[in-house]
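A.B. asks: Mind having a look at this structure? Questions to follow.
The values are calculated or read from the model by the stated rules, or taken from the named source; none is laboratory data. Model, not experiment: these values are computed from the prediction. Using ideal geometry, Cβ is built from the backbone for each residue, glycine included, and neighbour counts are taken over all protein chains shown.
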Amino acid sequence: MPGLLAVAVTLGACAGASAPEVLVDDPQLEQGRDIYVRQCSSCHGSTGGGGRGSKLDEGRVIRDFPDIDSQIELVTAGRNSMPSFSGKLTTDEIVAVVRYTREVLS
């Protein structure tokens with residue numbers, strides 16, 4: 001059991017900055033944040049600063065995808081190193097995480 005505690009503490013210490021909180025009462029954005037943390041942050045960074053995946057912060061996601069539908073399509077179908085989330089997330093979940101990246105991270 002002590003080994004598991006050490007792993008949990010180590011993982012928590014390595015987590016770094018957490019994803020930005022949603023500052024408005026919007027359940028869909030809260031859902032998007034939760035999905036982002038679980039499914040996206042390992043590649044795009046906890047605050048959208050990039051890493052293995054492209055940067056999403058500093059307005060980049062809006063510049064790259066001025067039309068929200070094109071970003072939804074990318075998350076749904078995937079492209080190049082971006083995996084498809086079609087079988088992993090529902091359409092509503094994809095819309096929620098896309099909104100989060102556009103309205104909170106960007």
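A.B. asks: Whether any residue in region 32-43 is among the aromatic types (Phe, Trp, Tyr), out of contact with any Asp or Glu (no Cβ under 8 Å at 6 or more places or on another chain) and not in a loop (DSSP other than H, G, I, E, B) is what I want to check.
C.D. replies: Yes, region 32-43 contains at least one residue that is among the aromatic types (Phe, Trp, Tyr), out of contact with any Asp or Glu (no Cβ under 8 Å at 6 or more places or on another chain) and not in a loop (DSSP other than H, G, I, E, B).
A.B. asks: Within region 55-85, can you find the residues that are hydroxyl-bearing (Ser, Thr, Tyr) and at pLDDT 95 or above?
C.D. replies: Result: Ser70, Thr76, Ser84.
A.B. asks: Moving on. Testing Ile35 on (1) over 20 Å from Thr90 (Cβ atoms); (2) modelled with pLDDT of 90 or more; (3) not basic (Lys, Arg), one condition comes back false. Which one is that?
C.D. replies: It fails just one condition, (1).
A.B. asks: So which pairs qualify, if the first residue must be in region 62-75 and farther than 23 Å from Lys88 by Cβ, the second must be of a type in the set (S, T, N, Q), the Cβ gap must be under 8 Å, and the two must be at least 6 apart or on different chains?
C.D. replies: Every condition considered, the pairs that remain are Ile62/Ser106.
A.B. asks: Follow-up question, since we're still on this one. Determine which member of the set Gly87, Gly78, Gly51, Gly59 is surrounded by fewer than 17 Cβ atoms within 10 Å (Cβ to Cβ) and in contact (Cβ under 8 Å) with a residue 40 or more places away in the chain.
C.D. replies: Gly59
A.B. asks: Just need a number here: residues in region 54-89 that are under 15 Å from the mean Cα position of the chain (by Cα), of a type outside the set (Gly, Ala, Ser) and in a loop (DSSP other than H, G, I, E, B).
C.D. replies: Residues that pass the stated criteria total 8.
A.B. asks: Looking at Ala8, is it over 18 Å from Ala96 (Cα atoms) and at pLDDT below 95?
C.D. replies: Against the criterion (over 18 Å from Ala96 (Cα atoms) and at pLDDT below 95), Ala8 qualifies.
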